[in-house]
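**Student:** This is the structure I want to talk about, given as structure tokens.
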Amino acid sequence: MKRSFSNLTPVAEEGEIDITPMLDVVFIMLIFFIVTASFVKESGIEVNRPDASTAQSKPRANILIGISDMNEIWINKRRVDASQVRANIERMHAENPQGTVVIQADEDATTKTLVAVMDAARQAGVYDVSLATEER
């Protein structure tokens, strides 16, 4: 008794859509965009910085402090009283000890407020303090 091989072939199943490769591509793209995205820190206000011909970029500036034209001090998009600047800088410097302080002062801000913020940074133990300017 001979059996034919045609009876041994599997029955064709209904067509199914396999979405696993598509999900792999989507997750790879998500990882790519997360890794390549640049996370920009902002002080919280828009200031008109003064011009300077010797302006340089600071690569590790992680503590940004904004001073508005009305002498308001902003850190992490919230207004901060002058007496609280030192404590905020100490906390942020503890999170990243290699970071620097960059002050984004409006060109109409008073020198008194600028010096008070610089003094608070030095009292907090951060001696690498820079002033943000616009390049000419």
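The values are calculated or read from the model by the stated rules, or taken from the named source; none is laboratory data. In this text, all values refer to a predicted model and were calculated from it rather than measured experimentally. What goes into the accessible areas is simple: the full protein's heavy atoms, side chains included, and nothing from ligands, DNA or RNA. Shrake-Rupley method; radii C 1.70, N 1.55, O 1.52, S 1.80 Å.
**Student:** How much of the accessible area of region 56-133, in percent, comes from carbon and sulfur atoms when a 1.4 Å probe is used?
**Tutor:** 46
**Student:** What are the semi-axes of the equivalent ellipsoid for region 58-136, taken as the square roots of 5 times the Cα gyration tensor eigenvalues, largest first, in whole Å?
**Tutor:** Semi-axes from the Cα gyration tensor: 18, 15, 11 Å.
**Student:** Follow-up question, since we're still on this one. Solvent-accessible area per residue for region 97-136 at a 1.4 Å probe radius, Å²?
**Tutor:** That works out to 57 Å² for each residue.
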